[in-house]
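Just below is one structure, and these are the notes that go with it.
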Amino acid sequence: MAVMQRIKKPTTRKGKKVLLSKEPKPVEGPKQCIFLQGRNPSDRARKVLRDIYDLKKPDAAFLNRKNDFVPFEDATLIEKICYKKEAALFGVSSHSKKRPHNVILGRTFNYGVLDMIELGAENFKAMSEFHNMKVLAGLKPCLLFNGPAWDLNQDLKRLKSLFTDFFYREKVETIRLQGLEHVLSFTATDDGNIFVRSYRILLKKSGQRTPRVELEEIGPSIDFKLRRTRLASDDLIREACRVPRELKPITKKNISKDAFGSKMGRIHMGKQDINRLQTRKMKGLKKSAEEKKEMLLKKKIAKKEAKAQAINSQ
């Protein structure tokens, strides 16, 4: 159930500016995320959330205070904090005998929980255990989803969309080769295991124009096990993913492209008189001076004959 908030009317210019910043926009910026501690979180679950927070920075907030709640039973606290922090994504760590080292990832829509997926961290190697150079915070990573299970399983398909929301950041029009420094790899198996790996891209000399690419693992290395899920209905997902009318591309009629990428257009014109059509003039088709004199003489004779016929008819 979404959090019910009373309607606030701004009394100052600053208050109006704050409320306008909270309204939905046609083009949203990077989604904010909050990381919470649930009931009795284990040290491994806290470290997993901390490393995901390091990958998400600076568009994230990590809250160290423990909260006595179970997200799958009551998500009111998550909705309140997401409304207060203006966050669309959340992560919760918890631990119990039945579900050890538990990590819950989810997202909200209209200040209500949209999707919630529970993962178990079976194996984990922190980022601090990899003693090498790391990437800068705030870089847009390349996301690789390996395995056919991402498209065959409905739960994994929604989890793929959730991971994309977590690390999408801002939209870019062009890509510079030297700007590709970070890769996040997600490998899914048929039995519900998800292997998350993080690499730094190294561009080495190859003796050619294109460099040789090498990957160096920088952490974290997480082996997740898919557990419980709470997914939104298809209608709600369709409403959440609706594209505003001003952002929809305007289709141009009678324009198409062939197999080679050339633009082809069709023009509708009225009926043309070919006899009056202006064609290209060539010197070889020009009449000589003698031919022009003969044409003038013929016109004069035709005029005289016309006059004579008019007089005779009178």
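The values are calculated or read from the model by the stated rules, or taken from the named source; none is laboratory data. Because the structure is predicted, anything quoted here is derived from the model rather than measured. Quick reminder, even Gly has a Cβ in these numbers, built from the backbone with ideal geometry, and neighbours come from all protein chains shown. Calculation scope for accessible area: heavy atoms of the full protein, side chains included, ligands and nucleic acids excluded. Shrake-Rupley method; radii C 1.70, N 1.55, O 1.52, S 1.80 Å.
Here are some notes:
- The H on the amide N of N123, modeled in the peptide plane, is under 5 Å from the matching H of D223, each at least 5 residues off or on a different chain.
- Degrees, to the nearest 10: 76-85 long Cα axis against longest axis of the chain: 60 degrees
- Here K287 is the anchor, and the lysines within straight C-alpha reach of less than 19 Å, apart from those fewer than 8 places off in the same chain, are K298, K299, K300.
- Inter-label distance, nm, simple model (7 Å from Cα along the C-beta direction), E173/E239: 3.4 nm
- Other-chain or far-sequence residues with amide H under 5 Å of F145's (modelled H): F186
- By accessible area, using a 1.4 Å probe on protein heavy atoms only, the stretch 61-162 has 52% of its surface on carbon and sulfur.
- Sites K205 and N110, calculated FRET efficiency, Cβ-Cβ separation with R0 45 Å, nearest 0.05: 0.30
- Accessible area per residue for the chain, computed on protein heavy atoms with a 1.4 Å probe, is 73 Å².
- Note on D191 and Q309: the extension gain reaches 31.9 nm, defined as 0.36 nm multiplied by sequence separation minus the Cα-Cα distance.
- In degrees, nearest ten, helix 43-56 long axis to first principal axis of the chain (Cα): 20 degrees
- Within the set (1) 22; (2) 44; (3) 14, the number that percent of Cα pairs over 35 Å apart takes when calculated for this structure is listed as (2).
- Distance between modelled label sites at R39 and H268, nm, 7 Å Cα→Cβ extension: 6.8 nm
- Rounded percent of accessible protein surface that carbon and sulfur make up, the stretch 166-305, 1.4 Å probe: 53 percent
- Mean Cβ neighbour count within 10 Å, used as a protection proxy, ranking 237-244, 82-89, 17-24 highest first: 82-89, 237-244, 17-24
- Extension gain for S96 to F72 (0.36 nm times residue separation, less C-alpha to C-alpha distance): 7.2 nm.
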